[in-house]
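Derivation of every value follows stated rules applied to the coordinates shown; laboratory data play no part. Note that the structure is a prediction, hence the values are computed from the model and not measured. All Cβ positions, glycine included, derive from the backbone under ideal geometry; neighbour counts span all protein chains shown.
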Amino acid sequence: MLIFAKDITERDHKHAREADNAALREYMEYQRKLFPYTVIRAGLDLAYKELDDVLNYVDNEYQKPEGAMRDEYPANIPEWYRQQFPWAGSFMEMEDMHSLMVLLIKGMDSFRTYEKANTYHWAVLYDTTRNIVRVYNELLNTDAERARDIQLSQAVEVDFEDFVNNYWPHLEFMILSKPDYAHTRLMERVRQAEKTIKQCMAEGGAPLAALEKAGEQFALEHATLPLLRRDPIPPDLAALESRPLKDNPFEALSQFIPADDDSPFAGLSRIDAEYEMNFNLSRSQTPAS
């Protein structure tokens, strides 16, 4: 199972404060209507099929392969790839993304281990999840029957930004880039790293040296700098990191914030605090422009 910021197989969490806060209760009821595992897996399945079709078309000298179900192919495949997968398409070739998706699908289906993703994987998952959410939300409004075939939720639109805010551990692949959504909490550390990079360059440092300095100062994930440098992806960075089931990666979320802690979340479990912080963002955020 892939390790996200929260357990994507958990759907019934109840917040300790929702009984006393109608808006928070509504937010948590929405969360309980989502099928997080299906959102991720359906996104990977759709993207894999699309990319596999296109790569087979390219391998067949830009002719429809025999037996292919697809009738239309992009006229400009590099441009299609960049538009369809804007983050992965900025940092990796189609063949690399295709290989990473194979590993991610296997990781989703691994129920005997936990699988830890790195920055390359998070960029792929961001694109594939965004695409399936867009398709699903459109179908809910135009073709309810087809939407039920995908069924990412109990017939409610999926808020992509909020979904990422709740389940992604970081967005380091967005360093020095402009995101389509605010992702305020996740982007705070990104902006701090960017400030260090720009300051280092303003003082005469080379861009790669500035990246290295930020990487050390902010303990960036080990695949972040290779991705930002657009290095070829070596096998060790393509692979997921396997961990035994006994090492529960979500154990810390059940711990409670001390009651005397100087924060509005004192006395809450850490998972409740996470949900409440994202709930507060959901009421105030609009897409970045």
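Figures for the structure shown
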| quantity | calculated |
| --- | --- |
| Residues of type aspartates and glutamates that residue 246 reaches as a straight line, Cα spacing below 18 Å, ignoring anything fewer than 8 places off in the same chain | 7, 10, 109, 115 |
| Counted charge near residue 154, where neighbours are those whose Cβ lies closer than 15 Å (Asp, Glu -1; Lys, Arg +1) | -2 |
| Rg/Rh ratio calculated on Cα atoms of the chain (Kirkwood radius) | 0.98 |
| Theoretical gain in end-to-end length, residue 185 to residue 23 [0.36 nm per residue, Cα-Cα removed] | 56.3 nm |
| Cross-link partners of residue 213 among lysines (Cα-Cα below 28 Å; sequence separation of 8 or more within a chain) | 116, 178, 195, 198 |
| Cβ-defined net charge surrounding residue 65, 11 Å radius [Lys, Arg +1; Asp, Glu -1] | -3 |
| Neighbour count of at most 10 Cβ within 10 Å plus DSSP loop: longest GluC sites (Glu not before Pro)-free window in the chain | 73-202 |
| Qualifying trypsin sites (Lys or Arg not before Pro) in the stretch 83-140, DSSP loop, other Cβ atoms within 10 Å at most 16 | 112 |
